[in-house]
Amino acid sequence: MEPIVLYYTLMGETKNAAMAIATGLGTEAVAVYSLKPSDIERLKKCDIVVFGCGSYFGMPPERALEFVDLLPRGEGRKAAVFCVGWIIIGGALDALAKRLADRGYTVVAKRSKKRFFSPVSREDKGLIGFGRKLREGV
Ligand SMILES: Cc1cc2nc3c(=O)[nH]c(=O)nc-3n(C[C@H](O)[C@H](O)[C@H](O)COP(=O)(O)O)c2cc1C
């Protein structure tokens, strides 16, 4: 299995969440804005792309959605989405999932991570478990 975790973060919390999910999946977490042309070739071979961002005013940042449009077309390959936020996260998750579906990915799982005063732990058990489940093919 060739998975990858991509994230778009403004304040660093989605990176922490991405690293926990990547631990469970047995892969690495990569910022979408640091992808190189060689990474794009690798993305074409990935059988699951996990994409995450923060929730801002109940939505993903527009730039995060624009990066989805720059991914290779999914052609039915699997994707999963995750969003980090204080309280209103569902709309952001759905919008991110829709953008990936529009790009041709089959979205198989969504996960939100609430945080308010505390940062997201890179050892978050729930997020590591989410990554493990994806690896098992859920
Ligand atoms: C201007 C602003 C708007 C926000 N709007 C929401 C929101 O609508 N719902 C929510 O759950 N969290 C909201 N948050 C909290 C962020 O989603 C949260 O800080 C998250 O960890 C950001 O992820 P990032 O650090 O990866 O960008 C907002 C934060 C800021 C600064």
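Some notes on this structure:
- For the stretch 69-76, putting each phi into the Karplus relation 6.51 cos²θ - 1.76 cosθ + 1.60 with θ = phi - 60° gives couplings of 5, 8, 5, x, 4, x, 6, x Hz, in residue order, rounded to whole numbers and with x for Gly and Pro.
- The H on the amide N of Gly104, modeled in the peptide plane, is under 5 Å from the matching H of Gly74, each at least 5 residues off or on a different chain.
- The convex hull built on the alpha-carbon positions of the chain has an orientation-averaged projected area of 7.0 nm².
- Across the stretch 24-37, computed HN-Hα scalar couplings (Karplus, 6.51 cos²θ - 1.76 cosθ + 1.60, θ = phi - 60°) run x, 7, x, 9, 10, 9, 10, 6, 4, 7, 10, 5, 10, x Hz from first to last residue, x flagging Gly and Pro.
- The stretch 1-90: trypsin sites (Lys or Arg not before Pro) in DSSP loop, at most 16 other beta carbons within 10 Å: Arg73
- Label sites at Phe117 and Asp39, each approximated as a point 7 angstrom past Cα along Cα to Cβ, lie 3.5 nm apart.
- Label point at Glu75 placed 7 Å out along Cα→Cβ; residues across the stretch 100-134 whose backbone nitrogen lies under 14 Å: 104-106
- Considering only the chain, percent of DSSP beta bridges that pair antiparallel, nearest 5: 5
- Pairwise label distance in nanometres, Lys133 with Ala101, each label 7 Å out on the Cα-Cβ vector: 1.9
- Cβ-defined net charge surrounding Glu13, 15 Å radius [Lys, Arg +1; Asp, Glu -1]: +4
- Sorted ascending by nearby beta carbons within 10 Å, beginning with the fewest, Met11, Met19, Met59, Met1 become Met11, Met1, Met59, Met19.
- Separation of the alpha carbons by more than 25 angstrom is noted, of Lys36/Lys125; Lys36/Lys133; Lys15/Lys78; Lys45/Lys125, for Lys36/Lys125; Lys36/Lys133; Lys45/Lys125.
Just so you know, all these numbers are worked out from the coordinates, no wet-lab data involved. Keep in mind it's a predicted model, so treat the numbers as computed, not measured. Cβ coordinates were reconstructed from backbone atoms using ideal geometry, including for glycine residues, and neighbour counts include every protein chain displayed.
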